[in-house]
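Worksheet for the structure shown next.
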Amino acid sequence: MKICISSKEKSLEGELDPRFGRCAYLIIYDTDSEEFEVIENPNITMAGGAGVQTAQLVISKGVKSVISGNFGPNAFNTLNAAGIEMYTDIQGKVIETINRFKNGKLQKIDVAGPSKKIQK
């Protein structure tokens, strides 16, 4: 299954970016093959609509779940309409977030907005 994690850096050892629409990088990780793709977010400097554009980019990659710290209402609605599950995490390295996801330690969200919890 493909998942997407918002990241501040281009590697699995990079820090999670708590922003979704304006994150620096999107890491598309395949939980079956453990292969990943890094996408520089082209929407980082948009004046408006970054969340929707980033959501559409993620949808085009066949992602089933997205992990970030904050989903704005428009990004949330776009991802939700596509049937993509959203999870929150707000700290640590991307690889740690992937492991928390695989172990069922992340909080699935059903409303837009910032995460209030730190998952261990």
Can you work out the Karplus-derived ³J(HN,Hα) for every residue in region 97-108? Use 6.51 cos²θ - 1.76 cosθ + 1.60 with θ = phi - 60°, whole Hz, and x for glycine or proline. 5, 4, 5, 4, 4, 4, 8, x, 9, 9, 8, 6
Longer than 20 Å from Cα to Cα, which of 61/105; 61/93; 10/108; 2/108; 10/105 are they? Say none if no pair is. 61/105; 61/93; 10/108; 10/105
For residue 19, residues with placed amide H under 5 Å, excluding near neighbours: 69
Surrounding net charge for residue 37, when Lys and Arg each add one and Asp and Glu each subtract one, Cβ distance under 10 Å: 0
Which aspartates and glutamates have a Cα lying under 17 Å from the Cα of residue 102, excluding residues fewer than 8 positions away in the same chain? 13, 30, 32, 34, 35, 85, 89
Per DSSP, loop GluC sites (Glu not before Pro) in region 14-120 with at most 14 further Cβ within 10 Å: 34, 35
Kirkwood estimate for the chain, i.e. one over the average of 1/r between Cα atoms, Å: 13.6
Env charge @ residue 46, Cβ radius under 13 Å, K,R +1 / D,E -1, value +2
At a Förster radius of 22 Å, what calculated FRET efficiency corresponds to the Cβ-Cβ distance of residue 77 and residue 108, to the nearest 0.05? 0.85
Under the rule of at least 5 residues apart or a separate chain, name every residue whose amide H is placed under 5 Å from the amide H of residue 86. 66, 109
Let me spell out the model: positive unit charges on the Cβ of Lys and Arg, negative unit charges on the Cβ of Asp and Glu, origin at the Cα centre of the chain. What dipole size does that give, in debye rounded to 20? 440
Karplus ³J(HN,Hα) for region 73-82 (6.51 cos²θ - 1.76 cosθ + 1.60, θ = phi - 60°; Hz, whole; x = Gly/Pro) runs x, 6, 5, 4, 5, 5, 5, 4, 5, 8
In percent, what relative contact order does the chain have, based on Cα pairs under 8 Å that are 6 or more apart in sequence? 27
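Each reported figure results from applying straightforward, stated rules to the coordinates on display, with no laboratory input. On a predicted model such as this, the values are computed, not experimentally measured, just so you know. Positions of Cβ are generated from backbone atoms using ideal geometry, with glycine treated the same way; all protein chains shown enter the neighbour counts.
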